[in-house]
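What follows is calculated from the coordinates using simple rules that are stated; it is not laboratory data. Since we're looking at a predicted model, the values are computed, not measured. Note that we place each Cβ from the backbone using ideal geometry, even for glycine, and neighbour counts take in every protein chain shown.
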Amino acid sequence: MRACPYSRKCSGCQLQNLTYAEQLKMKQVKLIRLLGRYCHVEEIIGMNNPLNYRNKAQSMFGFKNGKIISGIYQSTTCKIAEVDSCMLESEKSQQIVKTIKKLAIKHKIKAYDLETRTGFLRHVLIREGFKTGEIMVALVSANESFINKELFIKDLLNAHNDITTIVWNINPTSTPLFLGKKSEVLYGKGYINDILCQLEFRISPASFYQVNPVQTEILYSLAKDYANLQGNETVLDAYCGTGTIGLTVAKETKKVIGVEINSDAIRDAKENTILNGINNIEFYNEDAEKYIYNLALKKEKIDVVITDPPRAGCSMNFLKSLIKLFPKKVVYISCNPETLANDLNVLVRAGYRVKKIQPVDMFPYTNHVECVCLLSRRQL
């Protein structure tokens, strides 16, 4: 029996036909098959409540039979699966989306039509600080013709007075669910703050921030424990995002270097250092692959590398440069066990041993799973 009535047309949750216990067992078996040859795979850490865990929601708007609809964009069909509720998103974000749809009709704001490329409202992005209670609403449009803008915002805030900021973003491209380069803050400060691992973080619309804060605290605490820092190490945090991991370990190190290609994330990361009064961390808005290559070229000394790459894993050039740096430890946080297995193979052949693998179920009801791995270099 499927828990969600929209599961067949949405396809966002691939494991609807399994109980949560069965999901965890299936993921554990998969991870052992992929990673068990490197070392023992610890039992996956699941959630006490695997529902409504997402602090980020995106709802696409469009037309169907002459009416405004909202829901999940399906890249395979380039269509919108009309969804009124989601068991993974917070109840608050779903209420806000419903209100926006009603207000769009009231104020005669047209949804964007993917086929004709006409209309205004493309999608809505909502981000929440689960610990702070702050809520951001980003309205993404195809153009700058926001009719009845002031009245729309007034009505939205009257309906949801707990919204702390509203941002209007313009995406004139043909790419769905994408944030354009131009934004305007319509209400509040243009970002929200949240608490993670007892630190405060600033989150902008385009910044990467883990969507499951409950499991993220577990994930990052594991990464910190695996690094086992003594206070005299130089740490490289590759693909650092808004600096969450680097800032979490900074107090136990001599120095942290964070590298991230997303300029919005780096801007937030620098603000986060100020928010938390941490002064032994530096952030660079550069491609991680090129940055680590230059470090290797200069024969810089890095004691520990923490890397949290995208689903594609680390590029071969990144791994080659990492091997040239040859840090004592590598803490690898992975959101894709298939690419993790490939990357571990490269690092093991180059002189590393995999010491620990701990899976964390960050995305219940989906196929996805995260792992924290500790690698240490063999004695020369």
Q. Three principal axis extents, largest first, for the C-alpha atoms of segment 56-196, in Å?
A. 41, 32, 28
(Q) Please compute the modelled spin-label separation between Ser145 and Glu286, points set 7 Å along Cα→Cβ, answer in nm with one decimal. (A) 4.6
**Q.** In Hz, Karplus ³J(HN,Hα) per residue of segment 117-127 (6.51, -1.76, 1.60; θ = phi - 60°; x = Gly, Pro)
**A.** 6, 10, x, 10, 7, 8, 7, 10, 10, 10, 10
Q) For segment 1-81, which trypsin sites (Lys or Arg not before Pro) are in a loop by DSSP, counting at most 15 other Cβ atoms within 10 Å? A) Arg2, Arg37
Q) Given the chain, what percent of its DSSP beta bridges are antiparallel, to the nearest 5? A) 65
Q: Calculate how many DSSP beta bridges within segment 56-196 are antiparallel, expressed in % of all such bridges and rounded to the nearest 5.
A: 80
Q) Tell me, Leu35, Leu322, Leu18 in order of fewest to most beta-carbon neighbours within 10 Å? A) Leu18, Leu35, Leu322
Q: Using a 10 Å cut-off on Cβ atoms, rank the peptides 362-368, 72-78, 330-336 from the highest mean neighbour count down.
A: 330-336, 362-368, 72-78
(Q) Distance between the C-alpha centers of segment 109-175 and segment 229-274? Whole Å please. (A) 31
Q.
Projecting each Cα onto the charge dipole of segment 259-341 (Lys/Arg +1, Asp/Glu -1 at the beta carbon, about the Cα centre), which of Gly277, Leu297, Ala341 comes out farthest on the positive side?
A. Leu297
Q) Mean residue ellipticity at 222 nm from the helices of the chain, using -39,500 (n - 2.57) per DSSP H segment of n ≥ 4 over the full residue count, to the nearest 500 deg cm²/dmol? A) -9000 deg cm²/dmol
Q: Just subtract the alpha-carbon distance of Ile105 and Gln198 from 0.36 nm times their residue separation and send over the number in nm, one decimal.
A: 29.3 nm
(Q) Please compute the modelled spin-label separation between Leu18 and Val214, points set 7 Å along Cα→Cβ, answer in nm with one decimal. (A) 1.9
Q | Only Lys, Arg (+1) and Asp, Glu (-1) charged, at Cβ; the chain dipole about Cα centre in debye | A | 780
Q | Stokes-Einstein diffusion coefficient of segment 1-84, Kirkwood radius over Cα pairs, 4 °C, 1.567 mPa s, in µm²/s | A | 83
(Q) Using only Cα atoms and rounding to the nearest 10 degrees, what angle (0 to 90) does helix 91-106 make with the longest principal axis of the chain? (A) 30
Q) Do you know the relative contact order of segment 231-304, to the nearest whole percent, from alpha carbon pairs under 8 angstrom that are 6+ apart? A) 36
(Q) If neighbour count is taken as other Cβ atoms inside 10 Å, put Lys92, Lys102 in order from fewest to most. (A) Lys102, Lys92
Q: Report, by chain and number, residues whose modeled amide H sits under 5 Å from the one on Asp237, excluding near sequence neighbours (fewer than 5 apart, same chain).
A: Ile257, Gly258, Val259, Ile306
Q) Taking neighbour Cβ counts within 10 Å as the exposure measure, how do His160, His123 sort from fewest upward? A) His160, His123
Q: Order these peptides, 162-172, 145-155, by their mean beta-carbon neighbour count within 10 angstrom, highest first.
A: 162-172, 145-155
Q.
Can you give me the angle between helix 337-349 and the longest principal axis of the chain, using Cα atoms only, in degrees from 0 to 90, rounded to the nearest 10?
A. 20
Q: Just order 175-182, 262-269 by mean Cβ neighbour count inside 10 Å, highest at the front, would you?
A: 262-269, 175-182
